[in-house]
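Okay, structure first, notes after.
The values are calculated or read from the model by the stated rules, or taken from the named source; none is laboratory data. The structure displayed is predicted, hence computed values, not measured ones. Glycine gets a Cβ as well: all are built from the backbone with ideal geometry, and neighbour counts include every protein chain shown. The protein model used for the area step is the full one, side chains on, heavy atoms only, and it has no ligands, DNA or RNA in it. Shrake-Rupley method; radii C 1.70, N 1.55, O 1.52, S 1.80 Å.
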Amino acid sequence: MMKQLRLSGSGGQGVITAAIIFAEAAMSEGRQVVQSQSYGPEARGGASKAEVIIDDAPIYHPKIIKPDIVLSLTQKAADKYYKDLDNAEGLLVVDEDLVPNVPVFANVIKVPVTRIASEQVGKMLFTNIVALGVLVKLSKLISFESAEMSVKGRVPVHTIEQNIKALKLGYDAV
């Protein structure tokens with residue numbers, strides 16, 4: 001039951017942190033997990049992607065071949081990373097405000113991820129955790145409780161309450 005997720009955006013949006021949290025939550029549930037990441041030399045503002053492979057059996061190839069879900073938080077990321085998706089089975093999730101020209105694809109979910117972080121949590125800084133909540137709900141690969149515990153263990157203590165609020169808002173947005 002291998003599942004492959006790709007989170008993409010620009011540096012500074014936190015897609016790598018969201019992928020790490022997702023992977024940690026899956027590990028806490030006893031799953032086999034591989035998490036990888038890449039980003040441009042600019043770090044902030046450059047292209048960024050993180051990938052997570054989850055399986056019940058050992059994972060022998062650590063790279064995504066055909067993602068099941070692609071999350072894109074920018075237009076550039078959507079244009080670049082959705083192409084590997086299986087048009088019949090794959091799911092493309094985009095930030096509806098930052099991806100105005102959604103690629104033509106069979107299964108698309110649009111969520112105002114950045115707007116939710118900004119308007120309902122108070123800072124765009126929480127965009128990645130809102131996106132994480134969306135992925136937890138849509139993928140059905142990990143429980144909300146496991147994601148919540150991983151968030152609490154990964155974010156600065158003084159931001160836990162806001163991060164949990166962001167996770168819940170993302171989860172409830174779809």
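Overview of results
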| read-out | value |
| --- | --- |
| Test: Leu125 is of a type in the set (A, V, I, L, M) and open to solvent by less than 20 Å² (accessible area, probe 1.4 Å) | no |
| Residue ID - farthest from Met149 (Cα to Cα), chosen from residues in region 9-29 that are polar (S, T, N, Q) and surrounded by fewer than 23 Cβ atoms within 10 Å (Cβ to Cβ) | Ser10 |
| Residues located in region 19-41, provided they are in a strand (DSSP E or B) and acidic (Asp, Glu) | none |
| Breaking point among (1) out of contact with any Asp or Glu (no Cβ under 8 Å at 6 or more places or on another chain); (2) open to solvent by less than 40 Å² (accessible area, probe 1.4 Å), for Leu73 | (1) |
| Residue in region 108-120 that is among the polar types (S, T, N, Q), part of a helix (DSSP H, G or I) and either at pLDDT below 95 or surrounded by fewer than 17 Cβ atoms within 10 Å (Cβ to Cβ) (or both) present | yes |
| Test: residue in region 84-93 that is in contact with a Pro (Cβ under 9 Å, 6 or more places away or on another chain), part of a helix (DSSP H, G or I) and either at pLDDT below 95 or aliphatic (A, V, I, L, M) (or both) | yes |
| From the options Glu42, Glu51, residue that is open to solvent by 10 Å² or more (accessible area, probe 1.4 Å) and at pLDDT below 95 | Glu42 |
| Where Gly170 falls short, out of the listed (1) touching an Asp or Glu at 6+ places or on another chain (Cβ under 9 Å); (2) open to solvent by less than 50 Å² (accessible area, probe 1.4 Å); (3) farther than 18 Å from Ala50 by Cα | (1) |
| Matching residues, region 152-170, being touching a helix residue (DSSP H, G or I) at 6+ places or on another chain (Cβ under 6 Å) and closer than 14 Å to Leu135 by Cα | Ala166, Leu167, Leu169, Gly170 |
